[in-house]
Amino acid sequence: MIKYFIYCRKSTDEADRQVLSIEAQITELKEFAKRENLEIVDCFTEAKTAKKPGREKFEQMLKLIENGEANGILSWHADRLARNSVDGGKIIYLLDTGKLQSLKFPTLWFENTPQGKFMLSIAFGQSKYYIDNLSENVKRGIRQKLRNGVYPNKAPIGYLNEPRKRTIEVDPKTARLVRKAFQLFASGKYSYVDIDKFFFNQGVKSTTNKYLRMDKIRNMLRSPFYYGVFEFAGETYQGSHKPLISKTLFDKCQEIIRRKSKTYINHKDEFWFLGLAKCKECSSAITAEKHFKFYPKTRGKVRYYYYRCGKKHGYCSQKYVSSGEFEKQIREILWSHSLYELNAKRMLNWLHADEINERKTVENKISLLKPQLSNVEQKLDRLLTGYLDQVIETIEYQTAKKKLIEEKTNLEEQISSFEKNQFLWVELVRDFINSALEAHKIACAKNNGEELSFFAKKVGSNYFLSGRRLEFCPMRGFNALAALAPAASAPLSLHDLR
Ligand SMILES: [Zn+2]
């Protein structure tokens, strides 16, 4: 008996406008299931586009199918399942491997045969064609607007979209206020918050009747749109809309913004490695600190960042480490516990060879067990015949049967555990190689404190700071890499990692 999952989807895409609502899809599909006598085990709904891969419920459903929780899908139309080639391919692959045995659509005939799959891939392909076509039309519209100097987006504050003429017009209500805001800001006496207050008092509020968001104010003051040009996809266009301010006033504001940003520091971004290490001497957590030093004749005020022992447990003799040095040590740790691309590739090749070997060994083992299993099954059969023919006594039959059943279960378990576990370790090692490769890339990249901190925890644990040096315990697997310099060509046995 085939077990079905129901899958319903409707997004806010243009393409989905004509599609039944999710509720209506569920009702229709349940009725269809009743009519066709289909067993439904679960129902998945999603309000996401199928243009791109990455739908959670869809992925979850495929995973359950892979695990054998169900082997059929009931959906309104093929285009509910996929509108992109990746997801379409996944469905067809599951059909090929037999994990999926049936697809049912009230609106579309499908049969799990080569011809059926061919028709299905056309149905997925048509949905993709529709999407490709649609976005091509949207793109064409945008290009036309750009040629005409019309900003192809929502009009910024101070302007309105004019839908009939497809242009952007001055908003008589807010234009005056925007102009005033630029003038106030250019005087240098007003902060972003003051400008926001000004708008609020003049009745320009967010949709929830609150202050406008601060980044909206910042973006407004930085937008060249107000003196007549705009940027789109990295290019600058001369707009056909009416400017609200002069270029001179705009430039004055940019100067003020530059001056303000020098004193603006994002504190959170400075210390990525907080909470990573402890002091080895007194096991206090390592904290971070910022210092200013003043060089009156040369550099003026200079900031320094440190990591140091929190000294929460009394006296401790450990000294601070500059944040640059700290980061450098983390980079070195990642670098020396990572895999250079060529080595990673080579290891993946070895892994593949090992996988093929393992597959052979496991197949051999299974092929030895299978005859034993059928032997036991035959014995059981003969035993039953003997019992039915009254050649064997009930007690004798029961004892012999119990023994044979035990034997049978044992064999079945062995076979299924071989089938299930054979490639588990291959997947683990493959994941490991890929993350060691990623660690290498991250160690070499720039300005990526967050990634460094994340990977430091992946590569090792128990970080301690002692005498300005970081010590740590490499995670299993990564310790084997430390022995091998990333660029070294020395062969590395995979079995070190297992
Ligand atoms: Zn300490």
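Let me spell out the model: positive unit charges on the Cβ of Lys and Arg, negative unit charges on the Cβ of Asp and Glu, origin at the Cα centre of the range 198-311. What dipole size does that give, in debye rounded to 20?
Using only the charged Cβ atoms, the result is roughly 540 debye.
Of Asn357, Val150, Ser246, which is farthest on the positive side of the dipole of the chain, counting Cα position, with +1 on Lys and Arg Cβ, -1 on Asp and Glu Cβ, and the Cα centre as origin?
Working it through, the farthest residue towards the positive pole turns out to be Ser246.
Return the percentage of antiparallel bridges among DSSP beta bridges fully within the chain, rounded to the nearest 5 %.
60 percent
If a/c stays under 1.5 just call it rounded; otherwise compare a/b with b/c (prolate if a/b is bigger, oblate if not). Do that for the range 277-336, with a ≥ b ≥ c from the square roots of the Cα gyration tensor eigenvalues.
oblate
Roughly how big is the chain's charge dipole about its Cα centre, with Cβ charges of +1 (Lys, Arg) and -1 (Asp, Glu), in debye to the nearest 20?
Dipole about the Cα centre, nearest 20: 4080 debye.
Mind checking which of Gln25, Val170, Leu74 is farthest towards the positive end of the chain's charge dipole, using Cβ charges of +1 (Lys, Arg) and -1 (Asp, Glu) about the Cα centre?
Val170
Check every DSSP H run in the chain and write down those whose alpha carbon atoms cover 18 angstrom or more along the long axis and whose mean Kyte-Doolittle hydropathy is -0.5 or greater.
Qualifying helices, which must be both long enough and hydrophobic enough, are 424-444.
Can you tell me the equivalent ellipsoid semi-axes for the range 1-157? Use √(5λ) from the Cα gyration tensor, largest first, whole Å. If you can, show how the numbers build up before the last one.
On the way: eigenvalues 222, 56, 38 Å².
They are 33, 17, 14 Å, listed from largest to smallest.
How much length, in nm to one decimal, is gained on full extension between Glu427 and Ser187, taken as 0.36 nm per residue of separation minus their Cα-Cα distance?
Working: separation 240, 0.36 × 240 = 86.40 nm, distance 6.29 nm.
Here the answer is 80.1 nm.
Work out the length of the dipole vector of the range 284-340 about its Cα centre, built from +1 on the beta-carbon of each Lys and Arg and -1 on the beta-carbon of each Asp and Glu, and round it to the nearest 20 debye.
Numbers: 12 positive and 4 negative charges, 88 e Å.
For the range 284-340, the charge dipole is close to 420 debye.
For Trp350, Trp109, which order do you get if you count the other beta carbons within 10 Å of each Cβ and list the fewest first?
Neighbour counts put them in this order, fewest first: Trp109, Trp350.
Which lysines have a Cα less than 22 Å from the Cα of Lys205, not counting those fewer than 8 places away in the same chain?
Straight-line reach from Lys205, under 22 Å: Lys154, Lys173, Lys180, Lys197, Lys216.
Given 20 Å bins starting at zero, what is the percent of C-alpha pairs of the chain in each, up to the one with the largest pair distance?
14, 27, 39, 14, 4, 0
Return the lysines within reach of Lys280: Cα separation strictly under 18 angstrom, same-chain partners fewer than 8 residues apart disregarded; answer none if there are no such residues.
By straight Cα distance, Lys280 reaches Lys311, Lys312, Lys319, Lys457.
Measure off 7 Å from each Cα along the Cα-to-Cβ vector at Asn209 and Tyr397, then give the distance between these two points in nanometres to one decimal.
Taking the two extended label points, one gets 8.3 nm.
If I take R0 = 35 Å and measure r between the Cβ atoms of Ile356 and Ala285 in this structure, what FRET efficiency does the formula 1/(1 + (r/R0)^6) give, to the nearest 0.05?
FRET efficiency, Ile356 to Ala285: 0.10.
Could you give the length gained by full extension between Phe292 and Asn112, i.e. 0.36 nm per residue of separation minus their alpha carbon distance, to one decimal place?
57.6 nm
For Lys360, list the aspartates and glutamates whose Cα falls under 15 Å from its own Cα; do not include residues on the same chain fewer than 8 positions away.
Excluding near neighbours in sequence, the set is Glu419.
For the pair Ser461 and Glu31, what calculated FRET efficiency results from E = 1/(1 + (r/R0)^6), where r is the Cβ-Cβ distance and R0 = 60 Å, to the nearest 0.05?
0.60
Readers should treat all values here as calculations from the given coordinates under stated rules, not as data from a laboratory. If you're wondering where the values come from, they're calculated on a predicted model, not measured in any experiment. Here the Cβ is made from the backbone with ideal geometry for all residues, glycine too, and neighbour counts use every protein chain on show.
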